[in-house]
Each structure stands twice: as C-alpha cells, then as structure tokens.
1. From the phi of every residue in the range 151-158, what ³J(HN,Hα) in whole Hz does the Karplus formula 6.51 cos²θ - 1.76 cosθ + 1.60 yield, where θ is phi - 60° and glycine or proline is x?
2. Using the count of nearby Cβ atoms within 10 Å as a rough guide to exposure, how do SER189, SER184, SER294, SER325 rank from fewest to most?
3. Sequence-distant or interchain residues sharing an amide H contact under 5 Å with GLU361, placed H: which?
4. Starting from the Cα gyration tensor of the range 34-122, take the square roots of the eigenvalues, sort them a ≥ b ≥ c, and report rounded, prolate or oblate (rounded when a/c is under 1.5, otherwise prolate if a/b is larger than b/c, else oblate).
5. I need GLU43, GLU306, GLU340 ordered by Cβ neighbour count within 10 Å, fewest first.
6. What pairs in LYS124/LYS216; LYS31/LYS299; LYS145/LYS344; LYS94/LYS344; LYS31/LYS348 have C-alpha atoms more than 28 Å from each other?
7. Please list, in order along the range 278-289, the HN-Hα scalar couplings obtained from phi with the Karplus expression 6.51 cos²θ - 1.76 cosθ + 1.60 (θ = phi - 60°), rounded to whole Hz, x for Gly and Pro.
8. Explain nothing, just compute: Karplus ³J(HN,Hα) = 6.51 cos²θ - 1.76 cosθ + 1.60, θ = phi - 60°, for every residue of the range 70-83 in order, whole Hz, x for Gly and Pro.
Amino acid sequence: MIRRKANKNILQTEKPLVELRKNFNETIPLKIQRIVALWGFSEAAFGGILHALKIPLTGLFLGGAAVIFITLIAHYSNDKLSILRATLIVILVKAFVSPYSPITAYFAVALQGALGYLFFSLIKYERAAALLLGLFSLLFSALQKLILLSLIFGTGLWKSIDLFVDFVFSQIPIIKQSPTFSFSIVMVSIYTGIHILAGIYIGIKAALIPKWLISKSKSFGRMIIDFEEDQDYFKKTKKKKSWWKRSSGIFLFLIVLMILSFYSPQLGKNRAYEIMFTLARAIVITFFWFSIISPFVLKHFKKFLERNNFKHASEMNQITVLFPSFKRIINFCWRMSSLEKGTKRIRKFLADSLALLLLAEIKID
C-alpha cells in the first residue's frame, strides 16, 4: 500500500526503518558499501528469487546483475581498485551465506571483478567499458558451462547429440534425408549468441543507470510505504531440479542412446561403443574431480577465506545485516507489481526493486 504525504519523503516500516534518499542526484553519490552489499545479496539470494519466479537462464541474470553493480562501483568511485576490493568482499559474503556454492561460481565472480577493473581502468569512456564488461562477462559465463561439459564428456557428447537428432529424423517418414548441419553446433551457437546479445544490452543499460536513478527517484515522489504483513514470497524450497538441468540427465541421455544403438540398424553397434567410452570417460573424470581435485582446491580456498574473513569481518557484518531489509523491499516490490501481468510484471518488479534497493536508506535499530 502506498500513501502520498506532503511533508515526508520516507518509506516507513516497523523494523528496520527505510527512508527514501532525499534530492538524489549525481552530487550525492550512492555509497559503495550499499552497491557491494547488493552485489553480495545478488550472488547469495537472487538465484533463489529467480527460481521462485520460474525464470530460465538464471546464470544470465546473475551475470547481468554483476555487470550492473560493477559499473555502478566504477561510476561512483574515484579509485578503480575499489572494484577488486568489492569483488573480494562479495566472494567472502557468498561463501558465508551460501557455503555450498560450487567453486566455479566463485571463479565467475572473480573473473567478472577482474574484467571490470581491467576495462574501467584502461578505458576512460564509461559506456564503452560497461559494454565490453557486459559482452565478455556473459560470453565467459556461457563458455564456462560449455567448456566444463566438454572436459567431462569430451567431444563424444556433441557427436551423440547429432547422432540422436539424425536418428529422430530417420524415424519420420516424410523426411527422406537427415539434416546436413550439426545440430549441436546450432544449439551451442544459439546459447552463446543469447549471452552475447544480452551482455551487450546489459552493458549499454548499466552505463545509463546513474541518470535513470535520478528520474526514478523523482517519479517515486513523496510517499510512505507500509510493508504490511512480513510475507516472504520467495522462500527457498527444496525443489528437485528437472533432470535436464542436472548432469545426471546427460548420463541418462547417453545410456538410452547406447541401448538404442545396440538395437537400431541406423545407429549401429560401433556407435554404442563410442558412447560407452564417453560415459566411462565422464565417470572417471567426475570421480577424480570429487575425490582428489575438488577437495584439494577447496582446502586451499577455505584457508584463503579464513584469512580474509578475519580481516574483513566488520565489512561483512555491515553488509549481511542489510539482507533482511533487502528481502522486505523485494517482497514489497513484488506485491506492488501485481497489477501487471507476464513479462510486464517481471520488468516492473526488477526495475522498482533495483531503484528502491539503491535509493532507500536503511536504519538498523
């Protein structure tokens, strides 16, 4: 519920108190700590919110959020080294709030921070730096997943996909000839292309956010926001992932294709042996990763975290204490977007959430 009030410009809550930043403009820059806190919150909780909304390609949105926050840090900070310092804090916060995140997730955050520091240090034109950050961050995000699959399953995975598509086409009577193109290459190209286009779009938009915030703060006007019931619309559920989103789905696909190869003359038994080799390779690599490589990497990574947790304990506490307030604002924005439907609601929700999360001043009693 929103109530207009002439002499006040606050977002009133029971606890904690949230106030709308007064007369926000570029001469009153956002606090870097707030942006870092939002980046940390994004890495720790945004994925769960996206899953609750059933939005696909969550990695794309998480990477896009990182591009926005790095761009804002670069814009409001005179020292570009603050990007690297912020990256370290976000990694520590992510490890504290989401300790079971895979090591690749920390690598992605570190890479995004390093790219941000590189581009904004070398390129003075902020829009160009933001565009390049968006492009390369999301490109590497796409390639990271594809490279990981190729390392585990080898080229046999992509050959198996093409083989299966050929088999499906051969079972359709009206189609006399299998496609001449590689379906796996088309699939990879589309997936990568989506990330590249999204990276360019987000990079361009990220550079415009400081001016957008000024107009957004004016459009909010003078108002009081009551958070009514403290209902959590984005509770974490122990929902089982769909089989195609898990690596076990790939194993199942290869096993089914191998069985088909033994009984289908179109595929042939030789194909079955190739698939068997792909499966054996994947099992061996997965075993070595989880039993030898991963424990070794995690052991040294935990030592790194322990050393830095002590050094940055105060900063981490100042950031994580804001997380409950962030969730209340996000719940409020979702409730207020209920008048819209479909993608319009998602767009309004994300825009209003970003604006309020950045502009609101949170007071912890």
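No lab work stands behind these numbers, since they all come straight from the coordinates. Only a predicted model underlies this, so the values are computations on that prediction, with no experimental measurement involved. As a convention, Cβ positions derive from the backbone with ideal geometry for all residues, glycine included, and neighbour counts pool all protein chains shown.
1. Once θ is set to phi - 60°, the couplings for the range 151-158 become 5, 6, 9, x, 5, x, 5, 5 Hz.
2. Lowest to highest Cβ neighbour count: SER189, SER294, SER184, SER325.
3. HN-HN under 5 Å from GLU361: GLU19, LEU20, ARG21.
4. It is prolate, given that a/c is not under 1.5 and a/b is the larger ratio.
5. GLU306, GLU340, GLU43
6. Over 28 Å apart, Cα to Cα: LYS31/LYS299; LYS145/LYS344; LYS94/LYS344.
7. Going residue by residue, I get 4, 5, 4, 4, 5, 5, 5, 5, 4, 4, 5, 5 Hz, with x marking Gly and Pro.
8. 5, 4, 5, 4, 5, 5, 8, 10, 7, 9, 5, 5, 4, 5
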